[in-house]
Amino acid sequence: MPKVNFAGLKLKNPVIVASATPSISAEKIKKAADAGAGAVVTKSVVLPEKNGKPAGAYPKPRFMLMNNSGGYDPVIAKKNGFFSFFRLGEPYPTPEEMISMLDTLKKPGYTDIPIIVSICGAPNDYESWVNLAKSMENAGADALELNMHCWPVIKYTDPMIVKAVKDVVNIPVIVKLMAINDNPEIVAPQVELAGADAITGLGTFGFRAMEIDVESGKPYLGTFHGLGGSWLRSVSLAYMAKVRQKVTIPISGVTGVHTWEDAVKYMLIGASTVQVCGAIYAHGYKVLSDIANGIDNYMEKHNYKTIEDFKGKALSGIKVPEYNPPVIAKVDDDKCTGCTECADVCLFDAISIEGRNAKIDPEACDGCGVC
Ligand SMILES: Cc1cc2nc3c(=O)[nH]c(=O)nc-3n(C[C@H](O)[C@H](O)[C@H](O)COP(=O)(O)O)c2cc1C
């Protein structure tokens, strides 16, 4: 298993459980540890008064897997790239509950992996973050992750919160960024300057998305607010690549990590670790070791000794496409039957059919390659 140092923590592998239901209790965290997690980020702890409506007040299901054409179909969703969403109502542990969880987790022999406690205070209320941070450090947290993506409670990443927390704790402080409102090129350096030891991203996408079931004519998703899953991975990859280019601290990739390939993609844009949430709902905790073993096999195949050997390899390929001399379509006269298929799709009227052969007008051809 590829060992990794992340934000001052020594991990036996780079696959971390993201903050959510799979890390909401000591028992669940033990399951994750036994299944091979490199570390766990706990479900976010919030102050009691911020807990809002009790979870039971929201109708179930609070979390669903969707296939890419919008239907609620966990079987298809498991096979294909799928997206997940959840609505408000997931119960947040109180500080007392989290302290009791840490008490169990830190009992000798219970778990041996780093426990990163996710905390979420109130916007502009630095004291709430500081108090949560101090009490979690005292209770035995190995590191903190600041949940700065908790839409609609948190609307912007506030680097002053990072600074306030860093000033009062000695354990590593990781900042989980939000998908909307912030510009990665501005916020990532601010967070680094404020003292963050690492950045996680992207957090749940707090915007509305919709799909329609054509048979019933009913929309899905319209009223939900927390989105994750493979369909958003490309957005997260692009955002985190920008973050990587702007900071020197380690980054952890989250959103849409379902397979080892997904994990490697995050590493290729410079992540040291990945976080997994929706895939655990879909496949159970065993997906953690599947991903870790897959990374291992990939490294062996490519003769990589450490994650450092391929971390960030894709970054140099990120550029505005260069203008190349136009590529002009060419007809293979031996194969061409004059079927007109190429001429039918040519938007540039560059193909004519003469007898049983296609002819290209090199001036008109745009080199798009569709033919
Ligand atoms: C039911 C549920 C609860 C979540 N709760 C939290 C939370 O308390 N704190 C947090 O930082 N992220 C929370 N998340 C976000 C996940 O940690 C993760 O960022 C998101 O699901 C995207 O990852 P995925 O595509 O692997 O699902 C939650 C996600 C889900 C589905």
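Close contacts from region 328-339, counting a first residue that is closer than 20 Å to A364 by Cα and touching a residue at least 24 places away in the same chain (Cβ under 8 Å) and a second that is surrounded by 10 or more Cβ atoms within 10 Å (Cβ to Cβ) and polar (S, T, N, Q), with Cβ to Cβ under 7 Å and a gap of 6+ residues or different chains, come to V331/N357; D333/N357. With respect to the conditions (1) out of contact with any Leu (no Cβ under 9 Å at 6 or more places or on another chain); (2) at pLDDT 90 or above; (3) open to solvent by 10 Å² or more (accessible area, probe 1.4 Å); (4) more than 20 Å from V41 (Cβ to Cβ), P219 lacks only one, and its number is (2).
Checking S272, S316, S289, S252 one by one, the residue that is of a type in the set (S, T, N, Q) and at pLDDT below 95 is S316 and no other.
In region 290-313, the qualifying residues are those that are open to solvent by less than 30 Å² (accessible area, probe 1.4 Å) and in contact (Cβ under 8 Å) with a residue 60 or more places away in the chain, and the one that is nearest to the ligand (Cβ to nearest atom) is I291. Would you mind stating whether K330 is outside the structural domain of E185 (by TED's automatic domain parsing) and not hydroxyl-bearing (S, T, Y)? In short, yes. Only a single criterion out of (1) hydroxyl-bearing (S, T, Y); (2) near the ligand (Cβ under 8 Å from one of its atoms); (3) open to solvent by 30 Å² or more (accessible area, probe 1.4 Å) is not satisfied by S230, namely (3). Scanning region 166-180 for residues that are surrounded by 21 or more Cβ atoms within 10 Å (Cβ to Cβ) and within 15 Å of the ligand (Cβ to nearest atom), which turns out farthest from the chain's Cα centre (by Cα)? So, considering only residues that are surrounded by 21 or more Cβ atoms within 10 Å (Cβ to Cβ) and within 15 Å of the ligand (Cβ to nearest atom), the one farthest from the chain's Cα centre (by Cα) is V173. The residues in region 260-275 that are part of a loop (DSSP other than H, G, I, E, B) and at negative phi can be counted, and the count is 3.
Hey, any hits in region 330-338 for a residue that's under 33 Å from the mean Cα position of the chain (by Cα) and not aliphatic (A, V, I, L, M)? No; the residues of region 330-338 include none that is under 33 Å from the mean Cα position of the chain (by Cα) and not aliphatic (A, V, I, L, M). If you go through region 91-107 and keep only what is open to solvent by 80 Å² or more (accessible area, probe 1.4 Å), modelled with pLDDT of 95 or more and out of contact with any Gly (no Cβ under 7 Å at 6 or more places or on another chain), you end up with D103, K107. Kindly provide the set of residues from region 1-27 that are over 18 Å from the mean Cα position of the chain (by Cα), not in a loop (DSSP other than H, G, I, E, B) and not basic (K, R), ordered by number. Once the filter is applied, which keeps residues that are over 18 Å from the mean Cα position of the chain (by Cα), not in a loop (DSSP other than H, G, I, E, B) and not basic (K, R), region 1-27 yields V4, N5, L9, L11, A26, E27.
The values are calculated or read from the model by the stated rules, or taken from the named source; none is laboratory data. Keep in mind that what you see is a predicted model, and the values were worked out from it rather than measured. No Cβ is skipped: glycine too gets one built from the backbone with ideal geometry, and neighbour counts run over all protein chains shown. The area values use the complete protein model at the heavy-atom level, side chains included, leaving out ligands, DNA and RNA. Shrake-Rupley method; radii C 1.70, N 1.55, O 1.52, S 1.80 Å.
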